[in-house]
1. Within the stretch 366-380, can you find the residues that are more than 15 Å from residue 393 (Cβ to Cβ) and of a type in the set (Ser, Thr, Tyr)?
2. Quickly run through the stretch 359-401 and pick out the residues that are within 16 Å of ligand 1 (Cβ to nearest atom) and of a type in the set (Asp, Glu).
3. Collect the residues in the stretch 300-334 that are over 30 Å from the mean Cα position of the chain (by Cα) and without any contact (Cβ under 8 Å) to a residue 40 or more places away in the chain, keeping them in residue-number order.
4. Restricting attention to helices (runs of 4 or more DSSP H) lying wholly within the stretch 350-439, give those where 2 or more residues are touching a residue at least 60 places away in the same chain (Cβ under 8 Å) and either more than 16 Å from ligand 2 (Cβ to nearest atom) or assigned by TED's automatic domain parsing to the domain that holds residue 334 (or both).
5. Tell me, yes or no, whether the stretch 148-158 has at least one residue that is in the same structural domain as residue 52 (by TED's automatic domain parsing) and modelled with pLDDT of 90 or more.
6. Hey, among 76, 82, 135, 101, which residue is modelled with pLDDT of 85 or more and in contact with a strand residue (DSSP E or B) (Cβ under 6 Å, 6 or more places away or on another chain)?
7. Output the qualifying pairs, or none if there are none: Cβ atoms under 6 angstrom, residues six or more apart or on different chains, first residue in the stretch 221-233 and closer than 11 Å to residue 211 by Cα, second residue in a helix (DSSP H, G or I) and among the basic types (Lys, Arg).
8. When the residues of the stretch 469-493 are narrowed to those that are assigned to a helix (DSSP H, G or I) and not aliphatic (A, V, I, L, M), which ends up nearest to residue 270 (Cα to Cα)?
Amino acid sequence: MNNCILEMKGIRKYFYGVKALEGVDFKIKTGEVHALIGENGAGKSTLVKILAGVYQPNAGTIIFNHKSVQFLSPQISQQAGISAIHQEATMFPELSVTENIFIGHHIRNKSNGLLSWKEMKDKTQALLNRLELDIHPDTKVKNLSVAQRHMVEVAKALSLNAKIVIMDEPTSALTIKEVEYLYKIIRKLKSENKAVIFISHKFEEIFEIADYFTVLRDGKYIGEGKMAEVTMDEIIQMVIGRNLEHRYPQIEAEQGNTILKVKNLTRIGFFKDISFELHQGEILGFFGLVGAGRTEVMQTIFGIEALTSGEVFINGKKVNIANPAEAMNYGLAYIPEDRQLQGTILKMNIKENVTLSIINKISRHFFLDKEKELKITEQYGKQIEIKASSWQQLVEDLSGGNQQKVVLAKWIATKPRILIMDEPTKGIDVATKATVHNIISELAKQGIAIILVSSELPEILGMSNNIIVMHEGAITTKFTRDKANSENIIKAAIGSILS
Ligand SMILES: Nc1ncnc2c1ncn2[C@@H]1O[C@H](COP(=O)(O)OP(=O)(O)OP(=O)(O)O)[C@@H](O)[C@H]1O
Ligand SMILES: [Mg+2]
């Protein structure tokens with residue numbers, strides 16, 4: 001018996017001259033977890049979007065369930081048994097969890113044909129229970145955290161009872177505990193003989209969960225094989241075409257004056273009594289599980305959210321920051337976690353996005369200095385290795401990782417004195433991650449004070465001078481780097497305070 005459920009052959013896809021895929025082969029068996037691996041812009045999302053009926057290929061064949069098929073629309077693909085969790089959110093924020101899960105496949109009452117909300121709600125509740133999620137089916141999606149939204153997308157995929165489940169970077173918004181849930185679900189799907197396509201830049205995850213892999217580079221098929229028969233170095237070699245030694249830059253703990261001081265900062269319902277100091281040239285890591293309140297603290301400091309009580313001092317002076325514009329005047333920059341909502345304007349091009357926050361500095365008498373705009377974009381775009389056909393390309397059309405790099409470039413271009421980065425390497429490939437880490441340490445060397453919010457332990461341990469761990473809206477522990485290790489950090493993050 002041939003248990004190959006899908007075979008894609010010679011797939012080509014061009015976007016106005018951009019060769020996203022140049023003759024890619026991909027096949028997957030039932031009961032297999034198949035990792036699709038490659039750098040930012042390699043073509044992973046494009047390939048799975050072709051399978052999901054979002055894009056039509058310019059050439060190539062798809063054999064699904066032993067028949068030659070064409071997925072002319074997402075509905076057709078879904079009905080055939082392919083369910084996709086895309087890299088970018090595809091949910092409707094104004095609709096409830098139930099509505100989002102059943103959109104496109106509503107359950108109707110058999111006798112009168114009306115929508116059966118009761119049944120859909122019950123099914124949603126059952127799915128949420130199965131995922132051990134503490135979310136109400138009536139909650140509007142806009143009121144969920146990024147991680148919760150992702151889990152709802154997983155629930156939606158499960159509701160479709162698919163033969164192939166596509167997960168395009170499902171873990172980028174999740175932390176340890178949720179990732180564990182997700183692994184459990186993936187193993188369950190596997191035991192039910194479903195095929196799972198798993199896209200991730202975190203190789204530890206791939207080695208943990210995948211059975212098989214395919215590597216793409218620059219839109220081309222590079223190779224495939226069993227996970228059990230390959231090493232991490234071999235995978236990296238295939239992905240970037242060379243060897244990579246990623247060592248965290250050794251940061252000298254040479255720190256200057258206190259530049260930011262936060263005292264008893266409280267926002268009722270989100271966090272309480274947050275106190276810490278940040279020095280020039282320091283990288284201060286913030287670790288915690290999703291929901292620990294790190295993002296909320298940073299948004300409050302940056303003036304996006306209002307505080308209930310507490311004080312913020314910059315250079316020893318008490319400040320009341322009411323909005324991001326004021327924060328920027330004090331030399332603060334905040335790189336948000338959720339690039340799609342806050343960080344970039346998808347309908348604008350790279351140049352416009354990168355220079356958006358410094359528009360005043362590159363305009364004279366209300367006229368934009370186009371040359372300066374280009375120069376600055378080139379400087380930062382090259383430094384951070386944004387891969388695009390031109391600086392005029394719309395951000396919307398960039399690969400996920402490259403959108404993230406545009407956000408980084410934009411905030412670094414403001415030349416802040418205090419830089420808050422919320423999950424800066426989320427969705428960024430191995431080679432570029434090393435670049436971003438070097439950039440962060442360069443900025444610190446120049447005296448910029450940096451807050452690094454990250455859910456990646458190696459990143460927190462590798463980059464920070466000092467580490468603060470939060471749990472349920474409070475700081476549980478502060479470590480200097482030499483006192484921190486994965487074990488005590490995780491313990492602090494799950495709330496068991498160490499003596
Ligand atoms: N709608 C589009 N219009 C123009 N170019 C596009 C479009 N979608 C993707 N591309 C280009 O196709 C190439 C492959 O992009 P794709 O999103 O498939 O990469 P990826 O492997 O998923 O990367 P990442 O890891 O960053 O998500 C990139 O060069 C990207 O800029
Ligand atoms: Mg992608």
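1. Selection gives 380 alone.
2. 385, 396, 397
3. Within the stretch 300-334, 317, 318, 319, 320 qualify.
4. 400-412
5. Within the stretch 148-158, the subset in the same structural domain as residue 52 (by TED's automatic domain parsing) is 148-158.
Checking the rest, the ones that are also modelled with pLDDT of 90 or more come to none.
No, because not a single residue in the stretch 148-158 is in the same structural domain as residue 52 (by TED's automatic domain parsing) and modelled with pLDDT of 90 or more.
6. Values: 76 fails: in contact with a strand residue (DSSP E or B) (Cβ under 6 Å, 6 or more places away or on another chain); 135 fails: in contact with a strand residue (DSSP E or B) (Cβ under 6 Å, 6 or more places away or on another chain); 101 fails: in contact with a strand residue (DSSP E or B) (Cβ under 6 Å, 6 or more places away or on another chain).
Residue meeting the stated conditions: 82.
7. As it stands, the answer is none, since no pair meets every condition given.
8. So, considering only residues that are assigned to a helix (DSSP H, G or I) and not aliphatic (A, V, I, L, M), the one nearest to residue 270 (Cα to Cα) is 491.
The values are calculated or read from the model by the stated rules, or taken from the named source; none is laboratory data. The shown structure was predicted, so the numbers you read here are calculated from the model rather than taken from an experiment. We place every Cβ from the backbone using ideal geometry, glycine too, and count neighbours over all the protein chains shown.
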